[in-house]
Amino acid sequence: MNDPQDSPEITRPETPHKQVAFWESRYESRSTTWDLGEGAPPFAKAVSSLKPGKMAVLGCGAGHDAALFADAGFDVVGFDFAPGALELAESLYGDLFTLVHADIFDLPSSWSGQFDYVLEHTCFCAIDPSQRDAYIRTVCDLLKPSGTLVGLFWHHGETDGPPFDTPPEELIERLSPHFSLPLPLKITEGSHPKRENQEFLVIAKRST
């Protein structure tokens, strides 16, 4: 697996989503092996099929996905709690989109219901699996009633993490009460070679 793992100088916390120091150390040491260096190819293919609107990018990291949608006319806000991630995104993309230093599990209520889209890519698999339902509640809270989740989920089949595996059966169980999922979920074509045959692209409106 080529994403965040233990190394001799970095100890992985039990609940990495709560540990800014863990993720910040990845940026300080340039150990951001999950970073593809570009917007995810499935997003690049899908963006033209979506009507531009206001989009939240959770755990935006270096900002490649945020930039892809901002370039396509979306009003993008990228959230991350690692200062190094935000500094990197700003250095790469300047003021192309808005950057917010915040923990996605503790966002001010002023963000509630503000977004037409929430973009997910390698945040769901990075948080501790015990927090996945809380993550989905955050997504629902950010979205307008008619909002859409645009998510690229990683089913790598490994037992350890982060990144933690995201089986399609779990996605269906967790998301179907809240979103109108395009079933059955199918492996996405055209993924980055590092993730080939391991990703599910989900574009799903909130259930009414």
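Here, each number is a calculation from the coordinates, and none is a lab measurement. Bear in mind that the values here come from a model prediction, so they are computed numbers and not experimental data. All Cβ positions, even for glycine, are placed from backbone atoms using ideal geometry, and neighbour counts span all protein chains on display.
Annotation: aspartates and glutamates with alpha-carbon distance below 20 angstrom to LYS186 (same-chain offsets under eight excluded): GLU120, GLU158, ASP165, GLU169, GLU170, GLU173, GLU196, GLU199. Amide hydrogen proximity for ASP75: with H placed 1.01 Å from N in the peptide plane, the residues at 5 or more positions away or on another chain lying under 5 Å are GLY53, LYS54, MET55. Arranged from fewest to most other beta-carbon atoms within 10 Å of their beta carbon, HIS64, HIS101, HIS156, HIS121 become HIS101, HIS156, HIS64, HIS121.
Note on SER110 and ARG137: their simple-model spin labels are 2.3 nm apart, each label 7 Å out from Cα toward Cβ. Farthest toward the positive end of the dipole of the chain, out of LEU152, PHE115, PRO41, is the Cα of PHE115, where the dipole comes from beta carbon charges about the Cα centre. With a simple spin-label model that places each label point 7 Å from the Cα along the Cα-to-Cβ direction, the separation between THR98 and VAL20 comes to 2.0 nm.
Of the residues ALA102, LEU142, ALA126, the one whose Cα sits farthest toward the positive end of the charge dipole of segment 93-150, with +1 on the Cβ of Lys and Arg and -1 on the Cβ of Asp and Glu, is LEU142.
Placing +1 on the Cβ of every Lys and Arg and -1 on the Cβ of every Asp and Glu, with no other charges, gives the chain a dipole of roughly 780 debye about its Cα centre.
In order along segment 195-201, phi translates into HN-Hα couplings of 10, 4, 6, 10, 10, 10, 8 Hz, rounded to whole numbers, per the Karplus curve 6.51 cos²θ - 1.76 cosθ + 1.60 with θ = phi - 60° and x for Gly and Pro. Going by neighbour counts of Cβ atoms within 10 Å, the residues ASP133, ASP103 line up, fewest first, as ASP133, ASP103.
Under a GNM of the chain (C-alpha, springs under 10 Å), which listed residue has the highest mean-square fluctuation: VAL139, VAL57, VAL47? Result: VAL47 has the largest fluctuation of those listed.
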